[in-house]
Amino acid sequence: MKNANTVELIGHPLDKDLGQVLGREVRVANDANCFALSEASDGAAAGSEVVFGVIIGTGVGGGVVVNGHIIAGPHAIAGEWGHNPMAWPRDDERPARPTCFCGRPGCHESFLSGPSLARDHRLHTGQDLKAPEIAARAESGDAQALATMARYEDRMARALAVIINVLDPNFIVLGGGVSNIARLYREVPLLLPKYVFSDKVTTPIVKAKYGDSSGVRGAAWLWPAKM
């Protein structure tokens with residue numbers, strides 16, 4: 001285990017330890033990988049060759065699934081999109097945001113998580129609102145909330161453009177609390193052509209079919225129907 005919120009688990013083979021106690025094989029993957037696997041298997045991106053799954057809530061995570069299989073990588077960090085720096089930073093984004101829990105400043109998580117969206121709004125307006133409230137005010141035409149969402153949507157477009165440039169996925173699927181903001185699916189795709197290295201960008205950005213259940217469903221999908 002690495003990068004675990006339950007720090008006592010770091011460095012220990014949790015799957016093997018549990019398997020020894022239970023007397024059967026145990027398979028383990030992180031929540032974003034399980035989320036992506038669920039949505040690629042029978043969710044919003046079912047049957048697609050390359051799927052990038054994004055969880056945007058209290059934190060930010062990502063997972064990559066290719067032909068129905070999680071890509072973990074030799075360091076088990078494939079898809080750790082949340083801990084990469086924001087691309088093409090604006091002058092008002094320098095110096096980088098407060099240091100992320102990973103120890104580095106300027107991570108996507110520092111810009112795109114729900115609390116980060118709320119913090120950005122508070123810094124610009126003095127209003128202490130949560131992400132859903134900001135989005136609701138923007139939809140009703142509130143100028144300050146619209147400005148906050150415009151900043152957020154541009155940052156999301158920049159962050160996802162890097163993924164498209166590297167992976168060129170068939171689908172990008174969003175989950176987590178912030179994924180419930182409907183305007184993201186309308187506004188972010190319009191901004192992608194500014195940043196993606198292609199003369200045409202058609203990558204669908206879609207909401208998870210199974211919502212908060214996708215993580216646990218993906219854990220079940222670690223065991224395919226035919227072994």
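None of the figures in this text is laboratory data; all of them are computed from the coordinates on show. Just so you know, these numbers come straight off a predicted model, no measurement behind them. Every residue, glycine among them, receives a Cβ derived from its backbone with ideal geometry; neighbour counts consider all protein chains shown.
So the check is Cβ under 9 Å with 6+ separation or different chains; which pairs have a first residue in region 194-212 that's farther than 19 Å from Arg158 by Cβ and a second one that's hydrophobic (A, V, I, L, M, F, W, C) and in a helix (DSSP H, G or I)? Here the result reads Lys207/Leu184; Ala208/Phe35; Tyr210/Phe35, each pair linking region 194-212 to a residue that is hydrophobic (A, V, I, L, M, F, W, C) and in a helix (DSSP H, G or I).
When Val206, Val178, Val173, Val162 are checked against the criterion of being hydrophobic (A, V, I, L, M, F, W, C), surrounded by fewer than 18 Cβ atoms within 10 Å (Cβ to Cβ) and closer than 30 Å to Val28 by Cβ, Val206 stands alone in meeting it.
Checking each residue of region 152-169 against the condition of being in contact (Cβ under 8 Å) with a residue 24 or more places away in the chain, in a loop (DSSP other than H, G, I, E, B) and of a type outside the set (S, T, N, Q) gives at least one match.
The set of residues in region 76-118 that are in a helix (DSSP H, G or I), under 21 Å from Ile181 (Cβ atoms) and in contact with a strand residue (DSSP E or B) (Cβ under 8 Å, 6 or more places away or on another chain) comprises Trp81, Gly82, His108, Glu109, Leu112, Gly114. Checking each residue of region 204-211 against the condition of being assigned to a helix (DSSP H, G or I) and under 14 Å from Val54 (Cβ atoms) gives at least one match.
Conditions tested, residue by residue: (1) within 13 Å of the chain's Cα centre (by Cα); (2) within 27 Å of Pro115 (Cα to Cα).
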residue	(1), (2)
Asn3	no, yes
Val7	no, yes
Pro13	no, no
Lys16	no, no
Val21	no, no
Ala40	no, no
Val54	yes, yes
Val66	no, no
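When residues in region 90-112 are screened for being surrounded by 15 or more Cβ atoms within 10 Å (Cβ to Cβ) and within 19 Å of the chain's Cα centre (by Cα), 9 of them pass.
Among the residues of region 46-94, the ones that are small (Gly, Ala, Ser), out of contact with any Cys (no Cβ under 8 Å at 6 or more places or on another chain) and within 15 Å of Phe171 (Cα to Cα) come to 7 in all. When region 40-73 is filtered for residues that are surrounded by fewer than 22 Cβ atoms within 10 Å (Cβ to Cβ) and in a strand (DSSP E or B), the ones remaining, listed by number, are Val50, Val66, His69. For region 10-55, residues that are of a type in the set (S, T, N, Q) and under 17 Å from Ser213 (Cα atoms) total 4.
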